[in-house]
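The values are calculated or read from the model by the stated rules, or taken from the named source; none is laboratory data. Please read these numbers as outputs of a predicted model, since none were measured by experiment. With ideal geometry, Cβ positions are generated from the backbone for all residues, glycine too; neighbour counts draw on all protein chains shown. Just the protein is used for accessible areas: all its heavy atoms, side chains included, with ligands, DNA and RNA removed. Shrake-Rupley method; radii C 1.70, N 1.55, O 1.52, S 1.80 Å.
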Amino acid sequence: MITVLFFAKLSEQLGVKSLQVDWQQAQDVDQLFQYLTEYKKEWSVTLTSQPCLRAVNQEMVTNNIKLKAGDEVAFFPPVTGG
Amino acid sequence: MITVLFFAKLSEQLGVKSLQVDWQQAQDVDQLFQYLTEYKKEWSVTLTSQPCLRAVNQEMVTNNIKLKAGDEVAFFPPVTGG
Amino acid sequence: MISVQQQDFNQQSEYERLRCQSSIGAIVTFTGLVRDINDGYSVSDLCLEHYPGMTEKSLMNIVEQAKSRWNIIASTVIHRVGQLSINDQIVFVGIASQHRGDAFAACEFIMDYLKTEAPFWKKETMESGESKWVDARESDHKTRSKWVM
Amino acid sequence: MISVQQQDFNQQSEYERLRCQSSIGAIVTFTGLVRDINDGYSVSDLCLEHYPGMTEKSLMNIVEQAKSRWNIIASTVIHRVGQLSINDQIVFVGIASQHRGDAFAACEFIMDYLKTEAPFWKKETMESGESKWVDARESDHKTRSKWVM
């Protein structure tokens with residue numbers, strides 16, 4: 001399984017903080033993202049209508065990368081700390 | 001009279017912290033400096049062998065400027081505070 | 001020292017921790033505070049969400065980058081999370097170096113990277129009672145780009 | 001606030017003075033300390049001479065220049081004079097602003113100008129017992145030149 005996390009506005013809009021996705025559905029980050037846009041009817045708009053950063057195993061990624069079972073993938077809005 | 005002040009290494013080397021110079025001898029800063037180099041035998045070497053900054057009435061000056069009676073003129077090495 | 005914490009921090013204690021060695025000639029500190037006005041509207045309080053685990057990693061990585069670029073004798077990064085009020089301290093970055101140039105550059109670099117890379121998100125409650133997620137600033141990305149070698 | 005003084009200063013008090021307004025989002029402080037090693041030799045203590053009257057004027061002038069270039073809500077410059085020991089605090093510059101860019105720039109600008117314009121002179125006593133006047137650094141003049149518009 002892949003652990004998927006959402007944060008901040010994104011998690012609020014989706015109404016979910018985390019979910020488990022079967023690795024078969026998510027062999028890389030792009031595929032996982034695609035899977036999520038089809039997960040529920042309104043998710044496609046929420047996920048594609050705003051900038052959405054990605055982290056794999058707690059490291060920011062900008063390119064698509066391969067996933068393996070047990071990976072933690074997070075999606076979140078641009079950060080605003082400090 | 002013009003009040004002349006020396007600071008730090010320069011004052012130590014000249015053995016003097018301040019002196020009064022008649023305005024007739026010091027109508028501008030360059031003239032005053034020239035006067036001081038001849039004030040005592042060893043002053044010429046001390047004053048001309050090292051960088052020497054100048055301030056008139058407590059403002060740094062880089063050009064020669066006119067003096068008037070009552071002015072305070074200081075000579076000192078490059079600053080090293082902070 | 002890196003810490004992500006709910007509780008407040010003390011300026012003097014953090015300063016004294018940085019001042020521990022006699023080879024230190026310069027200490028630069030940055031403290032970020034909750035402002036009463038943001039983007040023109042009055043703020044009453046602020047909630048800081050973060051990504052536990054990744055925040056610490058991200059801050060450590062930023063500090064390592066700073067250490068590879070400048071001479072740093074000691075460094076501290078503290079970022080608070082949770083509920084905060086106006087004038088509360090949010091973030092502290094302190095750098096101790098032999099010379100001031102290193103301390104200034106490293107401190108500003110860490111803040112500029114933290115602002116664009118560390119996974120913290122602010123949600124402001126306005127005086128009207130409404131709350132909204134703070135938008136990322138384009139200017140923070142511009143500021144960061146000045147450090148690219 | 002500008003002060004040239006013999007007595008030590010307290011980091012927390014100076015910080016709190018700068019933090020007095022709720023529009024403040026960023027505080028940057030610089031503190032200069034007496035290092036145990038300078039130019040390769042061990043220092044045992046330091047004496048700071050200054051030009052009374054001109055030092056205050058010079059610092060005020062530097063702060064005014066900073067205020068004309070950046071948005072500064074509050075500022076503090078403290079410079080000590082007289083006899084100091086290793087690890088003692090020499091100088092404090094603190095800037096409070098709405099945004100961090102202004103606070104960092106103004107604080108570093110003030111230090112860079114202070115280092116080349118304010119009439120203070122350091123005389124170091126080495127461990128050997130000998131004492132010598134510290135030489136001005138060419139690098140400080142180079143650093144300063146980056147602020148010329």
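Of all the residues that make up the stretch C:20-32, how many are surrounded by fewer than 21 Cβ atoms within 10 Å (Cβ to Cβ) and within 7 Å of another protein chain (Cβ to nearest Cβ)?
Step one: of the stretch C:20-32, the residues surrounded by fewer than 21 Cβ atoms within 10 Å (Cβ to Cβ) are C:20-23.
Now drop any that are not within 7 Å of another protein chain (Cβ to nearest Cβ), which leaves C:22-23.
So the answer is 2.
For the stretch A:60-82, what are the residues that are within 12 Å of chain C (Cβ to nearest Cβ), among the polar types (S, T, N, Q) and open to solvent by 20 Å² or more (accessible area, probe 1.4 Å)?
Across the stretch A:60-82, the qualifying residue is only A:Thr62.
Considering each residue of the stretch C:24-43, count those that are modelled with pLDDT of 95 or more and either small (Gly, Ala, Ser) or assigned to a helix (DSSP H, G or I) (or both), and give that number.
Total satisfying the criteria: 3.
Quick one: count up the residues across the stretch D:1-19 that are more than 14 Å from the chain's Cα centre (by Cα) and either within 12 Å of chain C (Cβ to nearest Cβ) or part of a helix (DSSP H, G or I) (or both).
Number satisfying all stated conditions: 8.
Which strands (runs of 3 or more DSSP E) sit wholly inside the stretch C:44-98 and have at least 1 residues that are touching a residue at least 40 places away in the same chain (Cβ under 8 Å), surrounded by fewer than 16 Cβ atoms within 10 Å (Cβ to Cβ) and touching a strand residue (DSSP E or B) at 6+ places or on another chain (Cβ under 8 Å)?
Result: C:82-85.
Restricting the search to the stretch B:34-46, which residues are of a type in the set (A, V, I, L, M, F, W, C) and either surrounded by fewer than 20 Cβ atoms within 10 Å (Cβ to Cβ) or within 12 Å of chain D (Cβ to nearest Cβ) (or both)?
B:Trp43, B:Val45
Specify the residue that is nearest to D:Tyr51 (Cα to Cα); the eligible residues are those in the stretch D:121-149 that are aliphatic (A, V, I, L, M) and open to solvent by 40 Å² or more (accessible area, probe 1.4 Å). Can you show your working first?
Narrowing the stretch D:121-149 to residues aliphatic (A, V, I, L, M): D:126, D:134, D:136, D:148-149.
Next cut, open to solvent by 40 Å² or more (accessible area, probe 1.4 Å) only: D:136, D:148-149.
Numbers: D:Ala136: 17, D:Val148: 26, D:Met149: 29 Å.
Once the filter is applied, the top-ranked residue is D:Ala136.
Could you tell me which residue of the stretch B:4-33 is most open to solvent (accessible area, probe 1.4 Å), considering only residues that are closer than 20 Å to D:Ala118 by Cα and outside any helix (DSSP H, G or I)?
Filtering the stretch B:4-33 for residues that are closer than 20 Å to D:Ala118 by Cα and outside any helix (DSSP H, G or I), the one most open to solvent (accessible area, probe 1.4 Å) comes out as B:Lys17.
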